[in-house]
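The values are calculated or read from the model by the stated rules, or taken from the named source; none is laboratory data. Given the structure is predicted, the values throughout are model-derived calculations rather than measurements. A quick note on method: Cβ atoms are made from the backbone with ideal geometry, for glycine too, and the neighbour counts reach across all protein chains shown. To get the accessible areas, we keep the full protein, side chains included, count just its heavy atoms, and leave off ligands, DNA and RNA. Shrake-Rupley method; radii C 1.70, N 1.55, O 1.52, S 1.80 Å.
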Amino acid sequence: MTTPDITFYTAKSPNGVKVSIVLEELGIPYKARVISIKDDEHKQPWFLKINPNGRIPAITDHSRGNFHVFESGAIMIYLCEHYDPEGKLLPKDPNLKSQVIQWIMFQMGGLGPMQGQAGFFNRYAPEKIPYAIKRYTDEAKRLYSVLNGALESKEYLVGNKFTLADAINFSWVRVHFLSGIESIDEFPNLKAWVARIGERPAVQKGLNVPVPDNIQELMDNSEKLDESIKNARIAFKWNSNV
């Protein structure tokens, strides 16, 4: 197996955290390169050569001819295909591998977009649109119920062991508060799963890349939360006067 030499382009986001968790779980050496969203660094020509979609995260694998990979789910699969020979996070068994990929698609096509829209309309939009808030909040909760059901009598989603299926969905569910969904108490299996994954040492390391994790502080301090929302509006130009 080639010795990894990876640059990880990221910023503070659930999508970035997905990848840092995988890098840490697999013990892959990497250099984190913070991309300044506020300064539109993700739209600069040099970065668009790495990710033509102009989003984080992305990686460059220097050990494989400076190969670029963008889209968080694709990055996670790539890392496992090249640097997870034992199938720790992406099983070798075809059926288990298919199940993991199904949950990756579930997050990429459903949970992430729906919870992201719930967060935007609940927290960041320059005007309150009740229909949009209800639509996306209800759909995010429906997806939580799918995960909650899948976790009945299980600790993890696939093969009852931690895999990419857990890493990719955990990174979003754990920040439900930022999406305006104050509690997941109605989904006890899901709540216990979030707590269980959050205790993993490699996950703790991944959550603190590229900056220290402050989700608990935001949950406990409304002033800090308001400040965070204000900063996000500025960074993403989500202001009525922009």
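Observations on the structure shown:
- Matching option when the condition is open to solvent by less than 50 Å² (accessible area, probe 1.4 Å), in a helix (DSSP H, G or I) and either in contact with a strand residue (DSSP E or B) (Cβ under 9 Å, 6 or more places away or on another chain) or outside the structural domain of L26 (by the TED database) (or both), among I181, I104: I104
Here's the yes/no breakdown for (1) in contact with a helix residue (DSSP H, G or I) (Cβ under 6 Å, 6 or more places away or on another chain); (2) open to solvent by 20 Å² or more (accessible area, probe 1.4 Å); (3) free of Cβ contacts under 8 Å to residues at least 24 places away in the same chain:
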site	(1), (2), (3)
S145	no, yes, no
N148	yes, yes, no
G198	no, no, no
I234	no, yes, no
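- Region 165-184: number of residues that are over 11 Å from the mean Cα position of the chain (by Cα) and more than 25 Å from K128 (Cβ to Cβ): 1
- Matching residues in region 32-50 - criterion: being under 23 Å from N231 (Cβ atoms), open to solvent by less than 50 Å² (accessible area, probe 1.4 Å) and not in a helix (DSSP H, G or I): I35, S36, I37
- Verdict on E152 being open to solvent by 50 Å² or more (accessible area, probe 1.4 Å), in a loop (DSSP other than H, G, I, E, B) and modelled with pLDDT of 95 or more: yes
- Of the numbered criteria (1) within 20 Å of G27 (Cβ to Cβ); (2) loosely packed, with under 13 Cβ neighbours inside 10 Å; (3) of a type in the set (G, A, S), the one A167 fails is (2).
- Flag if F162 is hydrophobic (A, V, I, L, M, F, W, C) and more than 28 Å from E86 (Cα to Cα): no
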